[in-house]
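The values are calculated or read from the model by the stated rules, or taken from the named source; none is laboratory data. What you see is a predicted model, and the numbers here were worked out from it, not measured in a lab. Positions of Cβ are generated from backbone atoms using ideal geometry, with glycine treated the same way; all protein chains shown enter the neighbour counts. Areas reflect the complete protein model, heavy atoms only, side chains present, ligands, DNA and RNA absent. Shrake-Rupley method; radii C 1.70, N 1.55, O 1.52, S 1.80 Å.
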There are 4 protein chains.
Amino acid sequence: MKALVYHGPGKKSWEEVPDARIEESGDVVVKVDTTTICGTDLHILHGDVAAVTDGRILGHEAVGTVVEIGDAVSGFSVGDRVLVPAITKCGRCSYCQMGMPSHCRTLGGIGWIFGHLIDGTQAELVRVPFADTSLYALPDSVSNEQAIFLADSLPTGYEVGVLAGRVRPGHTVAVVGAGAVGLGAVLTTSLWGAARTIAVDSNKFRLERALEFGATDTVEAGPGAIDEILAMTDGLGVDVAIEAVGYPETLRTAAALVRPGGTIANIGVHGVPVELPMHEMWIRNVTLTMGLVDTVSIPTLLTMVASGRIPAEKMGTHTFGLDDILEAYDVFAHAADHLALKVVINAG
Amino acid sequence: MKALVYHGPGKKSWEEVPDARIEESGDVVVKVDTTTICGTDLHILHGDVAAVTDGRILGHEAVGTVVEIGDAVSGFSVGDRVLVPAITKCGRCSYCQMGMPSHCRTLGGIGWIFGHLIDGTQAELVRVPFADTSLYALPDSVSNEQAIFLADSLPTGYEVGVLAGRVRPGHTVAVVGAGAVGLGAVLTTSLWGAARTIAVDSNKFRLERALEFGATDTVEAGPGAIDEILAMTDGLGVDVAIEAVGYPETLRTAAALVRPGGTIANIGVHGVPVELPMHEMWIRNVTLTMGLVDTVSIPTLLTMVASGRIPAEKMGTHTFGLDDILEAYDVFAHAADHLALKVVINAG
Amino acid sequence: MKALVYHGPGKKSWEEVPDARIEESGDVVVKVDTTTICGTDLHILHGDVAAVTDGRILGHEAVGTVVEIGDAVSGFSVGDRVLVPAITKCGRCSYCQMGMPSHCRTLGGIGWIFGHLIDGTQAELVRVPFADTSLYALPDSVSNEQAIFLADSLPTGYEVGVLAGRVRPGHTVAVVGAGAVGLGAVLTTSLWGAARTIAVDSNKFRLERALEFGATDTVEAGPGAIDEILAMTDGLGVDVAIEAVGYPETLRTAAALVRPGGTIANIGVHGVPVELPMHEMWIRNVTLTMGLVDTVSIPTLLTMVASGRIPAEKMGTHTFGLDDILEAYDVFAHAADHLALKVVINAG
Amino acid sequence: MKALVYHGPGKKSWEEVPDARIEESGDVVVKVDTTTICGTDLHILHGDVAAVTDGRILGHEAVGTVVEIGDAVSGFSVGDRVLVPAITKCGRCSYCQMGMPSHCRTLGGIGWIFGHLIDGTQAELVRVPFADTSLYALPDSVSNEQAIFLADSLPTGYEVGVLAGRVRPGHTVAVVGAGAVGLGAVLTTSLWGAARTIAVDSNKFRLERALEFGATDTVEAGPGAIDEILAMTDGLGVDVAIEAVGYPETLRTAAALVRPGGTIANIGVHGVPVELPMHEMWIRNVTLTMGLVDTVSIPTLLTMVASGRIPAEKMGTHTFGLDDILEAYDVFAHAADHLALKVVINAG
C-alpha cells in the first residue's frame, strides 16, 4: 500500500510500504477513504515529538471502511463505514472506565497512538487496535467531509474548550485563537447556550470564518484587545476564556479576560513554561483547565452534525486526492497564505 | 387604585381599592405596566387554593415601574423599570441561600406569595416585599411583551422542565402538553443543546405553535403516541420526558416515554394521587423530578432574550388594556376556542 | 462440577453438572472460592423472574480464582484472585460507555446475567463473559469475607441509595429498611459526609446492627415513625430518604420523610404499582430516583474497604461450606429467625 | 471601647476608640466574645495590603453577642450568639446570588471587608453591615473555641482546598503546607470520603498535628518529597493536591504531585508571579483552582462540628484575654517557636 512515512525531522515521503494487517485479535483493518492533517503532524515533522521515529506512518484522523476484522471483534463487520478517532481506548483500564482514555494505561499512558506510537491514518490502509471500543459507526446522514473533523479538531475544541470551560446558558465566551481547533470551540459554544462568543485573532480571514462559525463578535489580537473585551463585558470580563494557540502571551491574555469565578480553558499545546500572575489571580476564584482530547464526545457531536445543528463541513477549505498528500501538506503548512483552515484528503 | 379582587369561588371584580403602599422598610411599590394571567389564577377562581381568601388581589406576574421605595431598599430607585417575578425571596433563609426560594422559610415556607398570601399584580399598583432580593432590573433591549413571560411561564418551563430534567447536548426531549408552560420548555431546550424536541398534545393549534417555538417533531396525544415516539427513538425512548399537564395519565405517558437512565421532569400541578408502575420502573434507572419554580434562572433568560436567542414574545397571542382584564380572563379561560396561549395586559 | 441448579418454582438442587468452560474468546473461567445468596435468588425460587428457566445455575456474586482464559483476554491471568460482580459489562455499547452497564445493550438490555440469563456463581466454577471489562482484581488487603459483599449488596446500597440520593456533607439521611442492602447504604453514607443517619425498621436485631454499621439514630417502623423523624429534623424532614424494602407503604413513608428540595432514593424491588401523593409532592421540589446497580463504584469501595474505612465483613453473619449451600439458603430464607444478614459460603 | 488599631507598617496599638454603632438600617453591633488572628493580619502589618490605612481596626473573625440592631434587621435580635465570618455578603448582587460573595459587587468587588475596608473584629465591639445575610446564629452545642475557626480558617481549607479540589470517595489527597489553613483542609477531606490524606511540611510539630487532624501519612518537605509521594501512589500521583503555602516552589510541587485528570487546589496567597511547566502540564488533563473563601460552607461545617465529626477546637493551641492581644500577636507571629497553630482570644 502507499503511505506517508516520516524519516526524521523535515523528511517525509509518500511511498510503498507493506499492507496494514491484523496483529491482535481485537484489531480491525480500515481502508482510508478520507483523512486530514493536524497541526501536531507539523510539530512531528519539526522534530518536536521524540517518540515518533524514522519509518512511522503519520496521521491520526480518518473516515474509512472496515476491510478485515480480528477474531475477537464483535461490534464491527467488513464493509462498515467508520470514524477512526485520534484517541484509541482499551476500554478496561481505570482511565478508560472513568471516561478519560487520553490517559489509557494499557496503551502506555496515552490514548493518542496513531502516527505516534503505531502507524497512522495517512495511508491507504490502517490497523486499528481495540477496535470495538475505539471505532464509531457512521450514519448515512453524516458525510465524509463532515465526519473527518470529528476525529480530532471538533472534539478538541468542544471537550478541551467548551466542556472543560463549563460554558453554560447565558455565558459570554472568548476564544483566543481562531485556527481549526479554536473554531471547533466557536462552533460548539451554542450547545451549552452561550449568549455571546468573541473570537480573538490577528488574522482577518480567520475572524471572518469565526463569524460564519457562530461567533457574535470578533476582536483583533493586539495590545488593546483585553481592554476592548473588558469594555464589552461590564468591565469584569468573560465567563469562559478559551486559549487555542499555545504561547505564554496568549495564555496570559486568556487569564486577563476572565471574570472572577470564571474558567480559563487551555487547549493550546505549549512548548515552554508559562509565567502566570498568580499574585493577581489567586484571589479571583478562577479555574484553569488543560488537557488532551478524549474524543468521548463523538456520539454527541455525531448526533448534532446529523441533526444539522453543527456544520462541521465548514472546517474543510481545500480538498486533495490521497496521492496529492504532499501538496496538501504544503497548503496546510502555509495555511494563512492559502486562506486554509483544514484540508480534506480523499482516496480515489 | 383599581385592582382585580377575588371574592370567593367563581367571583372576581375589577374594583377600586386602597392604593398599595410601603409597609416594611424593604418594600417597593411598583406601578404595573404589563401583567398577564396564569393557569393558577383560574385554579384559585375555581376555589382550589384554600389559602386565597375573599378580598385578595389576584396575579403574580408583572412588569412595571418603581414609584416608591422603603428606607432599607438600596438596589432600586424610583423610576426603575423592573420585572416582578412570581417568587419573592427573603435572600437570607437556608432555602434562599441555596437557591431554592420556592420554599423560602421567611415567607411561610413558600416563595409564591403574590395573589396568594399577599395582594397581587393584577392591579394598578403592587407592593413588593424583599424588593432588593426579589426584583430584576430590565434592560432596554427587552420589551414588556417579552419580559412579562419571564415572571413565571418561561422560567417554569425552563427550570422545572429543562433544568430539572437535565437536558444535555445531543438529547431527544419529549414535552407532553404544549400549553404555555410546556412551550416555555420547548423554547429553551436548545439552551442545553437538545438535538430533537418532540411536542405531544391533542390540540393542533398548540402543536403548530410548538414547531414555531423550536420543536423538531410533533405527535398527537392519544393511544398510539407512546409507540410512535418509541419508534422515533431506537425503541428505547427519549432522554428527557417533560410532563406539562398535571394528570395521572399524562405523567404515566411521560414515564413510558423515557429511556433507561433518563429523566421524567414533572411540571404539571396535580390535583389527585398518581399510580405509577414502580414494578416496571424500579429497574430502569430513571429519575422523576417535580417542583415549584424558583425563578432564579431569570438573569440567564433575560440575557438570552436580550441576545435574540429566545423569542419570548411569541408566548403572547392576545393583548388587552388593564381595564379590560375581565375580558382577558374570559379569553384565557377558553384558550382553545380563541387560539390563545398567554394574554398580555397593558396599563394605559 | 457441583452447582446449585434451579428446576422451576420452589425447586433447586446441589448437583453434578458439566464443568463451566470458555465459549467466547473474551471469557474467563473462575473457580469460586466464596459466594453468597441474594434476596433476588429467593424471588427466583418463588417463580417471580420469568427469564430464569429450568436448569439454570443460580447466583450472581463470587470471589474466586481465574483457572482458564480465552484467547482475547489480556487483563487477567490464570491464578489471579478476582471479584465477579453482579453486573457484566461489554464495555463498548452506549450504556457501558456512559457508565450505566445495568442496561448494557450487548447483553440483551441488562447487565445482570449471572444466574439469570446465563449460569451463575453458586457452583464450583463459573464462566465469566466480557472478563476484561467485568472482573476486578482483588488486593491482598481485602479478604474474601469482605470482597464478597462488593459483588452486589454494598454497591447497591451505595450507588442506588447514597449516590443516586446525592448525600452530601452535613446531610441527614433516613434509610427505610435495614436489611442487607439498606445496611449497605448505612455503611456508606459517611463517604459523602452525612451528619446523621437514621435507620428505620420493625426488626430490633437489624436496628442494633444499623448502629454498629454507623447509623446515628434508629426509629421503629410503625404509625408514629414519620412524626418521630420529622420531630428530629426541624419539622421539615430529612435531606435524603432511602427506600430499601420495595413496598408501596415504605416508598410512601420515604416520600413523607423528605424535606423540600430533598431526594427519595428507591432501592426496593417493587412487585406492584405504587400510588404516590403527587397532589402533595409536586410542589415540594423533590426528586425520586430508582434503578438497578451498575457496580461501577467497586473500585472506590475496594479502596475504602482496603483502607479500613468500611468494615464490609460485618455484613456476613453466618458462614457455610459450599457443599452446605442448601442449609445456607434455609438460614437466609428465614433470616429474622436466625438473626442473619448475609451468609458467607466458602469452597473447601 | 478598646480596639487593636493599625497605624501603618509595623505599627499597631490596643487603644481606646469610639464605640462601634449602627450606621445603616441593615447593621448590627456585636460584642466580641472571642476573636483570633489570621496570617493576613500579619501581612497587613508588614504593609502588604495597600487598602488598609492608618486608623483601621484589624481582624475579620469573631464570635459574639448581638447588642444592637438596625431598623431593617429581621433575622437577629439583641442577645443572639452569632458567628461573624470573614466574608460579608449583600445577598442581592449577581455574585452573592450565585453563592460567590467573595466577589460581592455591592461591597466594592470583595466580600472581605472587616479589618480591611471597614473596622474589624479585634475590638470590644464590631459593626456588622448586611447582618441578615452575613451573620450565622450559633447552636449551644458549638463552643466559642470551636466556632471561632469557622469564621475563616476552616472554611478556607474546606472550600478553597477540599471543595474546589473536588475530593471524592476513595481519593488520595496531598496537602502541601500544614499550617492552620492546610490543617483545615486535612480536617475536612473525610467529609468527601478521602481514603488517604498526605500532609507535607518541613515542620515536625505541624506534621504531628496533621496526624491528629486526620492525615493518614506525613512527608517531610524537601528534594525527595515528590518521589516519595509518587511511590506511595502507583507512580501516577495523587487525585487532589492542595497547596496551602503561597510560594512558587510549593505550587510547582503540588503540580508535580497530581495524577493525570486530577486537581491542584491553590489556597496559598501568592506575592509574586509563578512559572508553571505548561509544556509538561498541558497534556495531563489537570485542573488548577484558586480563590478567596466564600464562607458559604459555614452551615455545613457548623452541622459537622455540632455532630462531633469535626474537632474544630484542635486548631486553637494558645488562649489569651482580649487585653493581652499584643502578646497573642507575638506568639502567632512566631508560631513555630511556640508550637502554635491558632490563638484563641477571649473577652473577659
If I ask for residues that are under 29 Å from residue D:85 (Cβ atoms) and part of a helix (DSSP H, G or I), which ones from the stretch D:277-291 would you list? none
Does residue D:148 count as open to solvent by less than 20 Å² (accessible area, probe 1.4 Å) and assigned by TED's automatic domain parsing to the domain that holds residue D:226? no
With touching a residue at least 24 places away in the same chain (Cβ under 8 Å) and touching a strand residue (DSSP E or B) at 6+ places or on another chain (Cβ under 9 Å) as the only criterion, which of A:73, A:78, A:49 stands out? A:73
For the stretch D:182-196 the number of residues that are part of a helix (DSSP H, G or I) and farther than 11 Å from residue C:190 by Cβ is 8
Restrict the check to the stretch D:15-35 and report whether at least one residue is more than 30 Å from residue B:101 (Cα to Cα), open to solvent by less than 60 Å² (accessible area, probe 1.4 Å), in contact (Cβ under 8 Å) with a residue 24 or more places away in the chain and of a type outside the set (Val, Ile, Thr). yes
Does residue D:291 count as within 30 Å of residue C:233 (Cβ to Cβ) and of a type in the set (Gly, Ala, Ser)? no
Quick check on the stretch A:168-178. Is at least one of its residues within 18 Å of the chain's Cα centre (by Cα), open to solvent by 10 Å² or more (accessible area, probe 1.4 Å) and over 21 Å from residue D:283 (Cα atoms)? no
So which residues in the stretch B:44-94 are more than 14 Å from every other protein chain (Cβ to nearest Cβ), crowded, with 19+ Cβ neighbours inside 10 Å and of a type in the set (Val, Ile, Thr)? B:44, B:52, B:57, B:63, B:66, B:84
For the stretch A:116-132, indicate whether the set of residues that are out of contact with any Ser or Thr (no Cβ under 7 Å at 6 or more places or on another chain), within 14 Å of chain C (Cβ to nearest Cβ) and over 17 Å from residue A:40 (Cβ atoms) is non-empty. yes
Going by what's in this entry, would residue B:138 be described as in the same structural domain as residue B:232 (by TED's automatic domain parsing), of a type in the set (A, V, I, L, M, F, W, C) and surrounded by fewer than 24 Cβ atoms within 10 Å (Cβ to Cβ)? no
Return the residue satisfying two criteria in turn: it lies in the stretch C:7-47 and is under 23 Å from the mean Cα position of the chain (by Cα) and in a loop (DSSP other than H, G, I, E, B), and of such residues it is nearest to residue C:84 (Cα to Cα). C:36
Of the residues A:105, A:166, A:127, only one is under 24 Å from residue A:321 (Cα atoms) and of a type in the set (Lys, Arg); which? A:127
Which one is nearest to the other protein chains (Cβ to nearest Cβ) among residues in the stretch C:190-205 that are closer than 22 Å to residue C:252 by Cβ and surrounded by 24 or more Cβ atoms within 10 Å (Cβ to Cβ)? C:197
Which numbered condition residue B:292 fails, given (1) open to solvent by less than 10 Å² (accessible area, probe 1.4 Å); (2) hydrophobic (A, V, I, L, M, F, W, C); (3) within 12 Å of chain C (Cβ to nearest Cβ): (1)
Regarding the stretch A:292-306, can at least one residue be identified that is in a strand (DSSP E or B) and without any contact (Cβ under 8 Å) to a residue 40 or more places away in the chain? no
Would you confirm, using the coordinates I've provided, whether residue B:229 is free of Cβ contacts under 8 Å to residues at least 60 places away in the same chain and either of a type in the set (S, T, N, Q) or more than 14 Å from chain C (Cβ to nearest Cβ) (or both)? yes
Name the single residue, out of those in the stretch A:310-339 being within 30 Å of residue B:169 (Cα to Cα) and buried (at least 19 other Cβ atoms within 10 Å of the Cβ), that is nearest to the other protein chains (Cβ to nearest Cβ). A:310
Only strands (runs of 3 or more DSSP E) wholly contained in the stretch B:237-276 count here; list those with 2 or more residues that are open to solvent by 10 Å² or more (accessible area, probe 1.4 Å). B:258-266
For the stretch A:247-258, pairs from a residue that is more than 11 Å from chain D (Cβ to nearest Cβ) to a residue that is open to solvent by 40 Å² or more (accessible area, probe 1.4 Å) and assigned to a helix (DSSP H, G or I), with Cβ under 6 Å and 6 or more apart or across chains, are A:256/A:226
What is the number of the single condition among (1) of a type in the set (S, T, N, Q); (2) surrounded by 24 or more Cβ atoms within 10 Å (Cβ to Cβ); (3) within 14 Å of chain A (Cβ to nearest Cβ) that residue B:156 does not meet? (3)
